[in-house]
Amino acid sequence: MTTEVAVDSRLVLTDEQVREIAATYGTPVYVIDEGHLRRRVGAFKTAFEKSHPKTELTYASKANSTLAVLRIVYSEGCLIDVASEGELRAALAAGVPAKKTHLHGNAKTAQEIKAAFDLEVAQIVVDNFEEVDMIAATDGKCPDLMLRLAPGVDPKTNAKISTGQADTKFGFNIADGSAEQALLKALLLGLPVIGVHCHVGSQLVEPDAQIGGGQALAGFVREMKQKHGYVTQVINVGGGLAIRYTDDTEAIDPQKYCDELTAGIRKGLEGTGLDPVLVQEPGRWIIGESCVTIYSVNNVKTVPTKTGRRRYVSVDGGMSDNPRPALYGSPYPVRWVSGDGRGAKPDAVVRVAGKHCESDTLFDDKALPANVRKGDYLQVLCTGAYNAAMASNYNRYSRPVSVLIREDGTHTMVQRAETWEEQFAREIVPEDLS
Ligand code: LLP
């Protein structure tokens, strides 16, 4: 089996591949392409390295922490950003040494911090003053620390995934002096603060905000050098690059982006003598376009509306395998695949609905062939990021199987669907409940 990569870089399976995968593993199914994923990491890494002499690429595993994905990304030379002890343990289970991980989180628990010490993660990204105290009080060798800063830039994206502005729960504000206070406090306690970090938002189609974030960090470390002689070794500007959820979104050129980002930081550091390692930690850009979800069409229904008629195409998945349309109104590219090889009739505009017991609209106003019917498939592109990672058991559906298309064209399951036993394994019914 060979994968066809669309001219615009997103993974698209051929109709035969869709039918073969669906017949082998059932649907819904997440399909990840190994070669595509390796090329995505390679493209970003090469661009970043070309743009600056000292760089490090970290993969934000919150986007997709399927173990096989972590292993591929790590083997391509990425470090792994983890936002919880669970993600840290996933990285370890995938064979990533803790020394290659960075722990994030805005409300870390003492247990998470202790685990980071004991397992020896490379870095903890510190978010708040209470955390500075918790770290200082933790026994053992303290990992290197980064301070998460709020640079006060407003990204243009969905409000739920904007984090760089001043009014945010994340990090220490630069403008009101909190960042400086945090740095001085940590240094006074003898903690190993090696640098600063920000992450301004996600699915950023225009990278001005990340560039602004990088410049704000450069300005901060410049000031800290001048005022306190603090020498930063690392500047990490987070992730956030957008992918092509719509056909008319322009693909972001990682070279152009990395060049602008690193040039902005270098300019901000001019004359300071500071020469930190620059770090980025994209999640969505790395994995998002390397995966598709295949659904089966279960029924097609046309109903009266106030102004006419609407056609519903109901599929065998929905908000439990992809909550992003419900949460963020996120669009997705959808391709129709006939179940039996028959041709497409001219398009009709339909609403694709999931199978959950509420509206569960997945994709609205989609043009699909008018002869779409039960037994056909829908291939949804760009489902690698924040789909499997945010899947749930709503309505007691099992989270879907994930399949990896290997570079030799074979395919293999890398995560099976949950069993009923697994779903009920955590539950205890008190014996005296009548
Ligand atoms: N670094 C930090 C500290 C982050 O918080 C995030 C994402 C990233 C890196 C990676 O960002 P990316 O390159 O993937 O945009 N559930 C939402 C996305 C939340 C992103 C949270 N942080 C969604 O489905 O759109």
Tally of residues being under 25 Å from the mean Cα position of the chain (by Cα), assigned to a loop (DSSP other than H, G, I, E, B) and of a type in the set (D, E, K, R) across the stretch 106-149 | 3
Looking at the stretch 195-243, which of the residues that are of a type in the set (D, E, K, R) and touching a Leu at 6+ places or on another chain (Cβ under 7 Å) is farthest from residue 255 (Cα to Cα)?
-> 225
For residue 293, the lone unmet condition from (1) within 16 Å of the ligand (Cβ to nearest atom); (2) assigned by TED's automatic domain parsing to the domain that holds residue 191 is (2)
Which condition does residue 317 not pass, out of (1) surrounded by 21 or more Cβ atoms within 10 Å (Cβ to Cβ); (2) small (Gly, Ala, Ser); (3) outside any loop (DSSP other than H, G, I, E, B), if it passes all the others?
-> (3)
With the condition kept exactly as written, say whether any residue in the stretch 269-288 is assigned to a helix (DSSP H, G or I) and more than 16 Å from the ligand (Cβ to nearest atom).
-> yes
Breaking point among (1) farther than 23 Å from residue 356 by Cβ; (2) touching a Leu at 6+ places or on another chain (Cβ under 9 Å), for residue 415 = (1)
Look through 300, 334, 313, 380 and report the one residue that is closer than 24 Å to residue 36 by Cβ, touching a residue at least 24 places away in the same chain (Cβ under 8 Å) and away from the ligand (no atom under 16 Å from the Cβ).
-> 334
Those residues of the stretch 162-183 which are surrounded by fewer than 16 Cβ atoms within 10 Å (Cβ to Cβ) and more than 16 Å from the ligand (Cβ to nearest atom) amount to 166, 167, 175, 176, 177, 181
Any idea which residue in the stretch 199-225 is farthest from the ligand (Cβ to nearest atom), counting only those that are part of a loop (DSSP other than H, G, I, E, B) and within 16 Å of the chain's Cα centre (by Cα)?
-> 205
Can you name the residue in the stretch 111-149 that is away from the ligand (no atom under 16 Å from the Cβ) and β-branched (Val, Ile, Thr) and, of all such residues, is nearest to residue 101 (Cα to Cα)?
-> 113
Within the stretch 28-104, strands (runs of 3 or more DSSP E) holding 1 or more residues that are more than 16 Å from the ligand (Cβ to nearest atom) and at negative phi = 29-33
Criterion: within 16 Å of the ligand (Cβ to nearest atom), surrounded by fewer than 19 Cβ atoms within 10 Å (Cβ to Cβ) and modelled with pLDDT of 95 or more - qualifying residue of 344, 389 | 389
Of everything in the stretch 150-161 that's within 18 Å of the chain's Cα centre (by Cα) and buried (at least 21 other Cβ atoms within 10 Å of the Cβ), which residue is nearest to the ligand (Cβ to nearest atom)?
-> 157
A careful count of residues in the stretch 334-380 that are assigned to a loop (DSSP other than H, G, I, E, B), in contact with a Phe, Trp or Tyr (Cβ under 7 Å, 6 or more places away or on another chain) and within 13 Å of residue 294 (Cα to Cα) gives 2
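The values are calculated or read from the model by the stated rules, or taken from the named source; none is laboratory data. These numbers were taken from a predicted model, which means no experiment stands behind them. Counting neighbours? That spans all protein chains shown, and the Cβs are built from the backbone with ideal geometry, glycine included.
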